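Before I ask anything, here is the structure I am working with.
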Amino acid sequence: MNPLKAAQQQAVSGMELQSRRMGVTAENISNADTPGYKRKLLMVEESQQTSGEQFLASRVQLDEAEGKRDYNPA
């Protein structure tokens, strides 16, 4: 494969991954004060389809950790 094309594909892969990551983070921030909301985590894995170092967002899953509880009687 052409080295320039491989570098471009790696850059595109990284930008797409960061875009997905920012989308999931934006959802988490916008719903942080929603009662019962569990944050989402983006699972990332290395692509096996190409010879370059490309990464894919494989799935979004819910965080199973216990959320922080605040008592605010005001």
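The values are calculated or read from the model by the stated rules, or taken from the named source; none is laboratory data. Note that the structure is a prediction, hence the values are computed from the model and not measured. Reconstructed Cβ throughout: ideal geometry from the backbone, glycine too, with neighbour counts over all protein chains shown.
Checking Leu4 against (1) closer than 18 Å to Val60 by Cβ; (2) without any contact (Cβ under 8 Å) to a residue 24 or more places away in the chain; (3) among the aliphatic types (A, V, I, L, M), only one condition comes out false. Which one?
That leaves (1) as the condition not met.
Just one of Gly14, Gly52, Gly67, Gly36 is at pLDDT below 90, of a type outside the set (Asp, Glu) and on the phi > 0 side of the Ramachandran plot; which is it?
From the options Gly14, Gly52, Gly67, Gly36, the qualifying one is Gly36.
Where residues in segment 39-49 are among the charged types (D, E, K, R) and modelled with pLDDT of 80 or more, which of them is nearest to Met22 (Cα to Cα)? It would help to see each step written out before you state the result.
Going through segment 39-49, the residues among the charged types (D, E, K, R) turn out to be 39-40, 45-46.
Now restrict to residues that are modelled with pLDDT of 80 or more: 39-40.
On the way: Arg39: 13, Lys40: 12 Å.
Looking at residues that are among the charged types (D, E, K, R) and modelled with pLDDT of 80 or more, I get Lys40.
OK, next. Tell me, which residue of segment 23-38 that is among the aliphatic types (A, V, I, L, M) and closer than 13 Å to Val60 by Cβ is surrounded by the most Cβ atoms within 10 Å (Cβ to Cβ)?
Val24
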